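This report refers to the structure that appears directly beneath it.
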Amino acid sequence: MKKLKGQLLRWILIVRKLQNQPYISFRELQRELERELAFRGYDPICSDATLKRDLNELKEEFGLDITYSRTHKGYSLPTVRKGWLDMDCIIEPIEVMTALGNHSLPEYILPEQYQTRGTQHLSYLLHAIRQRQKVHFLYRKYADNTRSERTLSPYALKEWRGRWYVLGAEESGKIKTFGLDRIEQLILLPETFSKNEAFDPVQKFKDSFGIISVH
């Protein structure tokens, strides 16, 4: 478990460092990672192969194509479209987990008591979006708590005010948005779908308030 936490922590540290210091060299990034890992009680050794693998996995898992600039002699993050699978919203709980480790919470740590907001569905929906795989779930209506069965071709994920939403096409072809916190019994279907490449989720919500489009 600690090995996995160490990997997640390295990813966080890489992103944070590149956010604060673009065009950092490979060696400087490596030294910074080792310093931060040692400070947090993790194995401080970050080999060349490990750092290269981390950079590659950040691209594969999060779409962060961290590139090296020969002009500036360093690495930089790509431009990330704000709100759509925002990296901060994903790594924030991981930062808390790695900071606290496996220890019980001391009296000066006062976590808020809350119920899940549907983030347990994120990994499944990410997979479905990447593989263009349909999903099926029960959706609980906000107004009266009634449930209905839905089949969706998921296109994108959006975070707004601490809650996640999935945007996709229903069987009728109509584009709908569903709150992850009201999704139950989500399963991946073997059936795949062809995405309408002309549909741009960022453009759809460009002139919207929250998740409600004004058009």
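General observations
- Ser123 accessible area, 1.4 Å probe, all protein chains in place, Å² to nearest 10: 80 Å²
- Charge context of Lys141, other residues only, Cβ under 10 angstrom, K/R +1, D/E -1: +2
- Theoretical FRET efficiency, 1/(1+(r/R0)^6), r = Cβ-Cβ of Glu61 and Lys195, R0 22 Å, to 0.05: 0.65
- Multiplying the residue separation of Arg53 and Leu8 by 0.36 nm and removing their Cα-Cα distance gives an extension gain of 14.9 nm.
- Solvent-accessible heavy-atom area per residue, rounded to whole Å², over the stretch 1-53 at 1.4 Å: 58 Å²
- Cα centroids of the stretch 147-166 and the stretch 1-46: 32 Å apart.
- Here the spin labels are modelled as points 7 Å beyond Cα on the Cα-Cβ line, and at Thr177 and His136 they lie 2.7 nm apart.
- A cut-off under 12 angstrom between Cβ atoms defines the neighbours of Glu170, and their net charge, with Lys, Arg +1 and Asp, Glu -1, is +2.
- Shape of the stretch 1-54 from the C-alpha gyration tensor: prolate (a/c of 1.5 or more and a/b above b/c, with a ≥ b ≥ c the square roots of its eigenvalues).
- Applying 1/(1 + (r/R0)^6) with R0 = 25 Å to the Cβ-Cβ distance of Phe39 and Lys73 gives a FRET efficiency near 0.40.
- Between Glu184 and Glu170, the simple spin-label model (points 7 angstrom out along Cα→Cβ) gives 1.9 nm.
- Sparse-neighbourhood loop sites, trypsin sites (Lys or Arg not before Pro) in the stretch 1-57 - DSSP loop, at most 15 other Cβ within 10 angstrom: Arg40
- Neighbourhood charge, 10 Å Cβ-Cβ cut-off, centred on Glu32 and excluding it, Lys, Arg +1 and Asp, Glu -1: +2
The values are calculated or read from the model by the stated rules, or taken from the named source; none is laboratory data. Since this is a predicted model, take the numbers as computed values, not measurements. In this analysis, Cβ positions are derived from the backbone assuming ideal geometry, glycine residues included, and neighbour counts consider all displayed protein chains. Side chains are part of the model used for accessible areas, which takes the heavy atoms of the whole protein and leaves out ligands, DNA and RNA. Shrake-Rupley method; radii C 1.70, N 1.55, O 1.52, S 1.80 Å.
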